[in-house]
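The values are calculated or read from the model by the stated rules, or taken from the named source; none is laboratory data. This one's a predicted model, so the numbers in the text were calculated from it and none came from an experiment. With ideal geometry, Cβ positions are generated from the backbone for all residues, glycine too; neighbour counts draw on all protein chains shown. Ligands, DNA and RNA are excluded from the accessible area calculation, which covers all protein heavy atoms including side chains. Shrake-Rupley method; radii C 1.70, N 1.55, O 1.52, S 1.80 Å.
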Amino acid sequence: MSRTAVQIILAAHGTLGQALKESCDYFIGDSEYVKVCSLNEDEEIHEWERKLLSWVDSCPQTLILTDMLRASTTVHASQALRGRPDVELVTGVNLAMLVKAVQLASVWDVHRLARSIQETGKEDILYLRDKLEEKRN
């Protein structure tokens, strides 16, 4: 018996979500589990939220990835967590996080996936000069 893959929703401003999805596709092929919910300047926030919540309700497990912690995408996407124990939200998405999420969406449950990609995001961000100087010493 195979388990249902985790649905991944990129909830971001403007074209960021689509650009991340396309970049992810470049590395690993078609990211079939990913939906992009872009918040555009002329869009009504409550309509955007309704669309996102309808996508969340369409899948047993959903991982929402947002662009910025203190932004409207995260504030409104966090509504999906209420009463939905199999929905997780991780903010500050980067390409390394998305690639890992897509690779493991059909293997891990949403909770393990969320924790793991949070760590991936942290590991992928560094000030490279410090790292290079550390290697020299």
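Remarks
- Förster radius 30 Å - calculated FRET efficiency between Lys135 and Asp109, Cβ distance, rounded to 0.05: 0.20
- Global form of the range 1-59, assessed from the alpha-carbon gyration tensor, a/c cut-off 1.5: oblate
- Spatial separation of Cα centroids for the range 61-85 and the range 2-41, in angstrom: 15 Å
- The chain, Cα convex hull volume normalised per residue, Å³: 131 Å³
- Accessible surface of the chain [probe 1.4 Å, protein heavy atoms]: carbon and sulfur percent: 51 percent
- Computed FRET value (nearest 0.05) for Ser23 with Glu44, which takes r as the C-beta separation and R₀ as 41 Å: 0.90
- Computed over protein heavy atoms with a 1.4 angstrom probe, the accessible surface ordering of Ser38, Ser58, largest first, is Ser58, Ser38.
- For Arg82 and Ser54, a Förster radius of 22 Å and the Cβ-Cβ distance give a FRET efficiency of 0.90, rounded to the nearest 0.05.
- Sequence-separation-based contact order of the range 24-137, relative, with Cα cut under 8 Å and 6+ spacing, percent: 23 percent
- Given a 1.4 Å probe and the protein chains as shown, Asp57 ends up with an accessible area of around 100 Å².
- Qualifying trypsin sites (Lys or Arg not before Pro) in the range 1-92, where qualification requires a DSSP coil assignment and no more than 16 other C-beta atoms within 10 Å, comprise Arg3, Arg70, Arg82.
- Accessible area per residue, Å², the range 1-71 with all protein chains present, probe 1.4 Å: 57 Å²
- Annotation: lysines with alpha-carbon distance below 29 angstrom to Lys122 (same-chain offsets under eight excluded): Lys21, Lys35, Lys100, Lys131, Lys135.
- Put His111, His46 in order of accessible area, highest first, and with a 1.4 Å probe you get His46, His111.
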